[in-house]
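To keep things clear, I will list the structure first and then write my remarks on it.
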Ligand code: 2AM
């Protein structure tokens, strides 16, 4: 993408290459971020400036839409297909695709014998849980966990600011319910290997060794997620009851139907298990398992401990919320962490580490860390790592709701403060009548922070929820620059910090 973008910015683009180009752009993004679908917007505009012809208007996929990315994609695809079929009409000799005929499955599940070495015996990347402790007060509304794992072999290499990912598993009772709903009980303990039928699809690495159906369902099928539209397509193909079939058909093909489907499925966040329990006449053949059902996605968390420690720590917020359905919505990972990731019976889990977006400076320059709530997680890794090498000049500004309830790791910070390694301030937003936030602490300490940034080369890090916090924190730093430099706006100054990689942000929604 970078190369392509550089090419598009060239002053001397060869000839009129782009004047004959027809293009369409669909962005994938999340509107809770300030620069929502920025690359897609810029790309669309640049191509149009260069004389290329848009086949249809730009589409915006938005993770915040109640239908997920499909909310933008489905209407946009319709526009695109209409535009394309006008420009490239389908010859009369070709028969259009018959949507009522079920496509072949992409894979075949072939019965096989028990493998000689179950892959669980490969210890690399496997971790044993040693602690899963609630760190918010028992009467606080949020359940935030400190979770600690010890590697079976050795700690993978990582740097402070990096990310750990693991894939949660379904609860055994959920696995049983699913197998029963699908009528696949006879296969529960049979070993299967997966063969690709369609050349377009590769066998996922999870299936590298034979597994029982129970293990496949438990570790691969997302039973608690809201099903995708594809599931409804397969329920349509494989249901025998005319009324049920008609309903699925309407959901899939009409505008009113799509609204009905959203009201039933997406808005209340109905889970796959709940949906399957609501209908009775489907009989989905086992080979369609990977086509019809979505796989469990790995969850990523900022690593909250130093790479030099024996254990790898994470800070995890338990997700639980209500919709109009009677049962509260509990995420799959939440269930896994609450009920299966418990000492001493926790299964070994595979953890992979990857690069985060933030990294410590190479030098001993001061660091200013702004992390309300769970945003503090990567900073625990930063601080532990720097303390280990006796590097001082660590400035931490955190935020909680009530000091008694959710001021995370306060004792640990106190220890570092006493050792002279840490400057620590916390904004407790609800301990008084007026809200007190991290940006207030920044304002109150303007002289100190400015001296660190302007005269001592400090690096600034901001981590936390992507709502208005990152923007307001940046404005607080801009205001300091504006006041100290006596200029009209401090935006340019903070932009230059961003360009020097001295103002890094990691935010999520
Ligand atoms: P609140 O929920 O009381 O409004 C961690 O989530 C902390 O960040 C909470 O204390 C929360 O306060 C606070 N917070 C919420 N919105 C914020 C914002 N725009 N800027 C800074 N902190 C914010």
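Numbers below:
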{"item": "Options 357, 323; residue that is over 23 Å from residue 464 (Cα atoms) and either part of a loop (DSSP other than H, G, I, E, B) or over 19 Å from the mean Cα position of the chain (by Cα) (or both)", "result": "323"}
{"item": "Index of the failed condition, residue 282 passing every other in (1) touching a residue at least 60 places away in the same chain (Cβ under 8 Å); (2) buried (at least 18 other Cβ atoms within 10 Å of the Cβ); (3) within 23 Å of residue 268 (Cα to Cα)", "result": "(1)"}
{"item": "Filter result (part of a loop (DSSP other than H, G, I, E, B) and over 15 Å from residue 144 (Cβ atoms)) within the stretch 304-320", "result": "305, 306, 307, 308, 309, 310, 311"}
{"item": "Total residues in the stretch 242-273, condition over 25 Å from residue 324 (Cα atoms) and in contact with a strand residue (DSSP E or B) (Cβ under 9 Å, 6 or more places away or on another chain)", "result": "1"}
{"item": "Options 345, 364: the member that is more than 16 Å from the ligand (Cβ to nearest atom), part of a loop (DSSP other than H, G, I, E, B) and either more than 30 Å from residue 425 (Cα to Cα) or modelled with pLDDT under 90 (or both)", "result": "345"}
{"item": "Any hit, the stretch 452-474, residues being without any contact (Cβ under 8 Å) to a residue 60 or more places away in the chain and crowded, with 20+ Cβ neighbours inside 10 Å", "result": "yes"}
{"item": "Which numbered condition residue 494 fails, given (1) within 16 Å of the ligand (Cβ to nearest atom); (2) without any contact (Cβ under 8 Å) to a residue 40 or more places away in the chain; (3) surrounded by 19 or more Cβ atoms within 10 Å (Cβ to Cβ)", "result": "(1)"}
{"item": "Scope the stretch 397-438; condition near the ligand (Cβ under 10 Å from one of its atoms), without any contact (Cβ under 8 Å) to a residue 12 or more places away in the chain and out of contact with any strand residue (DSSP E or B) (no Cβ under 6 Å at 6 or more places or on another chain); matching residues", "result": "435"}
{"item": "Residue among 301, 336 that alone is touching a residue at least 24 places away in the same chain (Cβ under 8 Å) and either part of a helix (DSSP H, G or I) or under 18 Å from residue 223 (Cβ atoms) (or both)", "result": "336"}
{"item": "Single condition residue 483 does not satisfy, out of (1) more than 25 Å from residue 377 (Cα to Cα); (2) touching a residue at least 60 places away in the same chain (Cβ under 8 Å)", "result": "(2)"}
{"item": "Residue satisfying condition, being more than 26 Å from residue 88 (Cβ to Cβ) and part of a helix (DSSP H, G or I), within set 3, 18", "result": "3"}
{"item": "Sole exception among (1) in contact (Cβ under 8 Å) with a residue 12 or more places away in the chain; (2) assigned to a loop (DSSP other than H, G, I, E, B); (3) in contact with a strand residue (DSSP E or B) (Cβ under 9 Å, 6 or more places away or on another chain) for residue 80, by number", "result": "(2)"}
{"item": "When residues of the stretch 392-407 are limited to those that are touching a helix residue (DSSP H, G or I) at 6+ places or on another chain (Cβ under 6 Å) and under 25 Å from residue 138 (Cα atoms), the one surrounded by the fewest Cβ atoms within 10 Å (Cβ to Cβ)", "result": "400"}
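The values are calculated or read from the model by the stated rules, or taken from the named source; none is laboratory data. Bear in mind the structure is a predicted one, so any value in this text is a computation, not a measurement. Using ideal geometry, Cβ is built from the backbone for each residue, glycine included, and neighbour counts are taken over all protein chains shown.
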